[in-house]
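See structure below.
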Amino acid sequence: NDYDGRLYRQRPGEEPEPITPAADLRYADFRVDRNRAMLISVREDHTAEGQEAVNTIVSLPLDGGEETVLVEGNSFYSNPRISPDGAKLVWLAWDHPNMPWDGTELWQADLGEDGTVASRRQIAGGAEVSVFQPEWSPDGRLYFVSDLTGWWNLYRVGDGEIEPLHSMQAEFGRPGWVFGLSAYSFMDAGHLVCAYAEKGIWKLGVLDTETLEFQPIATPYTEMGRYLFAVPGGIVTDTASPTEPAAVSRLSLKDGRLGNIETLRRSSSTSLDSGYISIPEAVEFPTEGGRTAHAFFYPPKNKDYRAPEGEKPPLIVISHGGPTSQALAAFNLRIQYWTSRGIGVLDVNYGGSTGFGTEYRRRLNGQWGVVDVDDCVNGALYLVRRGDADPNRLAIRGGSAGGYTTLNALTFRDVFQAGASYYGVSDLEALVRDTHKFESRYMDSMVGPYPEQKELYRERSSIHHADKLSSPVIFFQGLEDKVVPPSQAELMVAALRRKGLPVAYLTFEGEQHGFRKAETIRRTLEAELFFYSRIFGFTLPDESSIEGVELL
């Protein structure tokens, strides 16, 4: 129950009843130990005021009662998984300053008759090796994903040895931002079905666990496998494609082929005529240090209109949040909003993004605010050289960490003529001083230890260099945002006003870090388009819905 953080049990026909105490304890990632009528869970204890929360793995009776701490001592835990015979428990553990995609340890222990753990031992992983999704096969063998070779690939434990199952320059895992991610599942003891990403595109495959033959399966999707589970005759998973919104789908599989597809639930009932849908092109472009970066380019697309002969379209560069996240080649109404109005979009997977291997993901180490900015700038310039964008009408937009990249690009580079910051980070010091446990040491790797590297934090924060801002910016801010408080945006707005540059600032009551209300989202898109129309000099057919947007 999100209101009180307690776990509840509900018997058929009865009201839910709590089985955990009324205390500031939080639970996640559950597994039922049927042999002992216990629930095994990750627990986060916030009961000690003024101290960092304590994470453990606990067991508790299914009917409620005293909890038993099974595993403790590390900063974080996830993925407690019980072997099919109930005799063993595995889990992932990691410590500050690591994030789970930096380095995690895979541990295994014996479970006694009373459910306590004994003979624990580390099986895989380490401070610089990331392990993802340990799972037991139906015949009791332990499988997991590891980036031991620089790519998240599949492994299993056999006769005390770690056995690679199928080596590919592809990602069979994702960054563990949340509990419960599942990129593979067992159809039976002999077959494992999995999702994997090649150059940012997610695909499907089946591995024969005896012969280790790997069979790719063609699907109409470019994104899947965030939550993938085998069911009789196939799988149920999240899916999306360039033309279809995200959905929960059931895919039947037989003899290594895709059969019937059943859409169980769509995220949106909205459908668009194909004449208004821009299909993304995967692009690779040169960036700093002789490296290559990745992005998806969406050209303008509207069957009812054509640009004047010889005119290059405006371009919006999107810097995604995370920053260890991924721009996906999946249907996105917010992107189609721009392309259907004659504006191209470049959704950048800058260095540090997921889906391109460990080395690419680690490009941001010590370089946040530099590498991400370089890649967004070079992506825009690449499209200008290709003739796909007007060099005098380039904009950049992003939210949260993407807003940080946006503001730095506008402050420290001279390429974009406009920008939009959605609750963007402008002060790294404020962010590192006031955040939750999971991300409290995240910037140790991306920037450096704080306060030892305090000057570097100030050097990378646009709020301390606002005098260098030379492009118009529109800011969107939730007034209840505790992650990036309104004061950060207000300082940037004041600096632009002092310089006499066009600036707009829209605030929203009841919104926090990330907008959730439909009316807010619609209002921000319309205001942003209006802002660009004034900066880039084009006329909108209807401006009646954007009253109150003032350029100061």
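Tabulated data
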item	result
Members of segment 115-135 that are in a strand (DSSP E or B) and either exposed (fewer than 14 other Cβ atoms within 10 Å of the Cβ) or not aliphatic (A, V, I, L, M) (or both)	Ala118, Ser119, Arg120, Arg121, Gln122, Gly125, Gly126, Phe132, Gln133, Pro134, Glu135
Unique match (being in contact with an Asp or Glu (Cβ under 8 Å, 6 or more places away or on another chain), at positive phi and not aliphatic (A, V, I, L, M)) among Gly125, Gly200	Gly125
Close pairs from segment 287-308: first within 16 Å of Leu540 (Cα to Cα) and open to solvent by 80 Å² or more (accessible area, probe 1.4 Å), partner outside any loop (DSSP other than H, G, I, E, B) and not aromatic (Phe, Trp, Tyr), Cβ under 8 Å, at least 6 apart	Asp304/Gly275
Segment 413-435, subset of a type in the set (Val, Ile, Thr) and not in a helix (DSSP H, G or I), residue farthest from Glu511 (Cα to Cα)	Val415
Subset tally (residues that are in contact with a Ser or Thr (Cβ under 8 Å, 6 or more places away or on another chain) and part of a strand (DSSP E or B)) for segment 1-30	5
Of all residues in segment 1-30 being of a type in the set (Gly, Ala, Ser) and in contact (Cβ under 8 Å) with a residue 24 or more places away in the chain, the one that is most open to solvent (accessible area, probe 1.4 Å)	Ala23
Residue match in segment 330-350 (condition: open to solvent by less than 10 Å² (accessible area, probe 1.4 Å), part of a loop (DSSP other than H, G, I, E, B) and among the small types (Gly, Ala, Ser))	no
Single residue of Pro138, Pro164 found to be under 26 Å from Gln215 (Cβ atoms), open to solvent by 40 Å² or more (accessible area, probe 1.4 Å) and in a loop (DSSP other than H, G, I, E, B)	Pro138
Residue list for segment 194-222, filter: out of contact with any Pro (no Cβ under 8 Å at 6 or more places or on another chain), buried (at least 19 other Cβ atoms within 10 Å of the Cβ) and either hydrophobic (A, V, I, L, M, F, W, C) or assigned to a strand (DSSP E or B) (or both)	Cys194, Ala195, Tyr196, Ala197, Trp202, Val206, Leu207
Qualifying positions in segment 31-44 - open to solvent by 60 Å² or more (accessible area, probe 1.4 Å) and at pLDDT 95 or above	Arg31, Val32
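Per-residue answers, yes or no, for (1) open to solvent by 50 Å² or more (accessible area, probe 1.4 Å); (2) under 19 Å from Tyr423 (Cα atoms); (3) modelled with pLDDT of 85 or more; (4) in contact with a Phe, Trp or Tyr (Cβ under 8 Å, 6 or more places away or on another chain):
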site: Ala504; (1), (2), (3), (4): no, yes, yes, yes
site: Gly510; (1), (2), (3), (4): no, yes, yes, no
site: Arg516; (1), (2), (3), (4): yes, yes, yes, no
site: Glu519; (1), (2), (3), (4): yes, yes, yes, no
site: Arg522; (1), (2), (3), (4): yes, yes, yes, no
site: Glu526; (1), (2), (3), (4): no, yes, yes, no
site: Ser533; (1), (2), (3), (4): no, no, yes, no
site: Phe536; (1), (2), (3), (4): no, no, yes, no
site: Glu547; (1), (2), (3), (4): yes, no, no, no
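The values are calculated or read from the model by the stated rules, or taken from the named source; none is laboratory data. None of the values given here were measured: they were computed from a predicted structure. Every residue, glycine as well, gets a Cβ built from its backbone with ideal geometry; the counts of neighbours run over all protein chains shown. Ligands, DNA and RNA are stripped out before the accessible areas are found, and what is left, the full protein with its side chains, is counted by its heavy atoms. Shrake-Rupley method; radii C 1.70, N 1.55, O 1.52, S 1.80 Å.
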